[in-house]
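Working notes for the structure below.
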Amino acid sequence: MAASAGDAPPRRIRARCLIVGGGPAGMLLGLQLARGGVEVVVLEKHADFLRDFRGDTVHPSTLRLLDDLGLGDAFARLPQRRERALHVRFADRMLALADFGWLRPHPWLAFVPQWDLLDLLAGQARACPRFALRMATEATALCFDGDDPGGRVAGVLARDAQGSLRIEADLVVAADGRDSVLRAQSGLPLRELGAPMDVLWFRLPREARDPDCTHAVAGRGQFMVMIHRGDYWQVGLILPKDAAGAVAASPTELQARLHALAPDLDARVTALAAGGLHRLQVRVSRLRRWHRPGLLCIGDAAHAMSPIGGVGINLAFQDAAAAGNLLGPALCGAAPVPEALLARVQRRRMLPTRLIQRVQIELQRRVVARALAAGGPPPRAPRLARLASRLPVVRALPAWLFGLGPRPERIRFGAAGDSGR
Ligand SMILES: Cc1cc2nc3c(=O)[nH]c(=O)nc-3n(C[C@H](O)[C@H](O)[C@H](O)COP(=O)(O)OP(=O)(O)OC[C@H]3O[C@@H](n4cnc5c(N)ncnc54)[C@H](O)[C@@H]3O)c2cc1C
């Protein structure tokens, strides 16, 4: 950020740990570290957490972390809907293809507005004496020791309503999401894994005759997920990447696509408010290396996930929990955090990330791309799906993979009872 003549010099702040991004990854890590007594500053560029159509799928893996934090009861009081199974609607029948009912202690997944969950975490963190959340403050650039871009990351430049800021820290955590500015400046190489589809998110009114569960609707050329939100559906229409822009721009085209999938729904498109359509450009990517001296990337900043399985926020929480456990004790001291510790966070989280992305890529290739390339009316339930829906062990597998995942984390640093030493 170049200062022009006459600009006031940036105000200076120091923190032991600076987290950029108040999404799921940043807020959970901030809370954990603050509970454990670390001086931590979180920057969030927006003035509030109010964002519609983000990851709202809270899996059992996250519910266990909330229990560890002593927030299970507070979470249960948030507005939410619990689903024990996920269904797919074919032309001839509806089948349950994932069953969470055998998972313990939370045999369900919860759909919760992301802002409510972030508000809960922020409220808890604010009660810790060494925590500061600076809303409406945007990091614009990394700072390096000796202003040498090859050197150790020493903080960030940022701007808020009062002007520019220089925040110095012993460790900067980039939790600034899939378009991470810090990652872009870090020079860490990103590997794009590709996705054939984009998602258009919008709301439609729910009617009494509609199914009473969250489900996907199988189609040819497009398909959709319908998240039960009480009096409305949160609909995600999945389209080939090259078609999504045109459909987003044309209500008639959107109506035709919906009519092909679910003729009972298309008339409700008229209820769609202007600006009520949100396009998610699906990207699947991951960093080869999540760190360099003084900097660690976590959550979407380290790996953007496909929406398949609704794992995005849950993996972000898992990364944060692992980072808190591994880095918290070192951050309680005053010595620089060795890069070897940052590498341990990556080593711990890389396996689940790669495994889940591998499954998502296979599903994108074998199921999504084929369905999107096909034409004709919605399909009848294939024999394999009918068989799967009858075998509990087959229904349990996707629930385990996406609901708990390999190497699920538990919170050891900053768990319930710690409140800032
Ligand atoms: C439209 C959309 C729909 C989605 N739907 C689903 C879904 O259905 N299920 C699912 O599991 N996942 C979904 N995801 C993905 C999910 O939201 C993310 O995987 C998850 O939120 C990642 O958490 P995070 O904390 O790593 O990053 P984010 O949630 O992206 O949080 C990053 C935060 O950093 C802030 N920020 C960014 N840049 C700066 C900066 N320079 N300075 C300060 N703050 C900054 C942002 O405002 C944001 O609050 C969706 C994502 C999008 C965009």
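Assorted remarks:
- Rounded to 0.05, the FRET efficiency of the residue 47 and residue 127 pair, given R0 = 25 Å and the Cβ-Cβ distance, is 0.75.
- Label-to-label distance for residue 281 and residue 119 is 3.1 nm, based on points extended 7 Å past Cα in the beta-carbon direction.
- A simple rule links phi to the HN-Hα coupling: the Karplus curve 6.51 cos²θ - 1.76 cosθ + 1.60 with θ = phi - 60°, which for region 276-283 gives x, 10, 10, 8, 9, 7, 6, 9 Hz, with x for Gly and Pro.
- Surrounding net charge for residue 220, when Lys and Arg each add one and Asp and Glu each subtract one, Cβ distance under 12 Å: +3
- Portion, in percent, of the accessible area of the chain that falls on carbon or sulfur, probe 1.4 Å: 55
- In percent, rounded to a whole number, the relative contact order of region 91-202 is 14, using alpha-carbon pairs under 8 Å and six or more apart.
- Within a Gaussian network of the chain (alpha carbon springs, distance under 10 Å), most fluctuating of 304, 74, 154: 74
- Cα extents of the chain along the three principal axes, largest first (Å): 65, 50, 36
- Most tightly packed first, judged by the mean number of other beta-carbon atoms within 10 Å of their residues, the peptides 262-268, 34-40 read 34-40, 262-268.
- For residue 67, the solvent-accessible surface computed with a 1.4 Å probe is close to 60 Å², ligands and nucleic acids excluded.
- Applied to region 345-355, the Karplus parametrisation 6.51 cos²θ - 1.76 cosθ + 1.60 on θ = phi - 60° returns per-residue 3J(HN,Hα) values of 4, 4, 4, 5, 8, 5, 4, x, 4, 5, 5 Hz, with x for Gly and Pro.
- Here the contact order of the chain, divided by its residue count and restricted to Cα pairs under 8 Å and six or more residues apart, works out to 25 percent.
- Region 114-245 shape via C-alpha gyration tensor axes, a/c threshold 1.5: oblate
- Cα shape, region 197-280, gyration tensor, a/c 1.5 rule: prolate
- Calculated from backbone phi, Karplus (6.51, -1.76, 1.60) coupling profile of region 235-250 in Hz, x at Gly/Pro: 9, x, 8, 9, 10, x, 3, 6, 9, 4, x, 5, 5, 5, 8, 10
- Of all DSSP beta bridges confined to the chain, the antiparallel ones make up roughly 70%.
- Here the gap between residue 8 and residue 340, fully extended at 0.36 nm per residue and compared with their Cα-Cα distance, gives a gain of 115.7 nm.
- Put simply, the amide H of residue 142, placed in the peptide plane, has neighbours under 5 Å in 157, leaving out anything fewer than 5 places away on its chain.
- When the residues 17, 213 are ordered by accessible surface, computed with a 1.4 Å probe over the protein chains alone, the sequence from largest down reads 213, 17.
- Our note on the geometry: Cα centres of region 31-61 and region 358-407, 31 Å apart.
- Dipole magnitude of region 345-407, debye to nearest 20 (Cβ charges: Lys/Arg +1, Asp/Glu -1, about Cα centre): 180
- Ellipticity estimate at 222 nm from DSSP helix runs (n ≥ 4, -39,500 (n - 2.57)) divided over the chain, nearest 500: -10000 deg cm²/dmol
- Whole-number accessible area per residue in Å² for the chain, which is evaluated in the context of all protein chains at 1.4 Å: 42
- In the elastic network of the chain, a GNM with C-alpha springs shorter than 10 Å, the most mobile of 363, 33, 121 is 363.
- The local environment of residue 145, defined by Cβ-Cβ distances under 13 Å, has a net charge of -2 under the rule Lys, Arg +1 and Asp, Glu -1.
- Shape of region 8-57, Cα gyration tensor, a/c cut at 1.5: oblate
- Considering only alpha-carbon pairs that sit under 8 angstrom and 6 or more positions apart, the relative contact order computed for region 197-280 is 38 percent.
- For region 180-255 versus region 319-340, the gap between their alpha-carbon centres in whole angstrom: 37
- Probe 1.4 Å, all protein chains present, accessible-area order of 57, 252, 137, largest first: 252, 57, 137
The values are calculated or read from the model by the stated rules, or taken from the named source; none is laboratory data. All of these numbers come straight from a predicted model, not from anything done at the bench. Counting neighbours? That spans all protein chains shown, and the Cβs are built from the backbone with ideal geometry, glycine included. Side chains included, ligands, DNA and RNA excluded: accessible areas come from the protein's heavy atoms. Shrake-Rupley method; radii C 1.70, N 1.55, O 1.52, S 1.80 Å.
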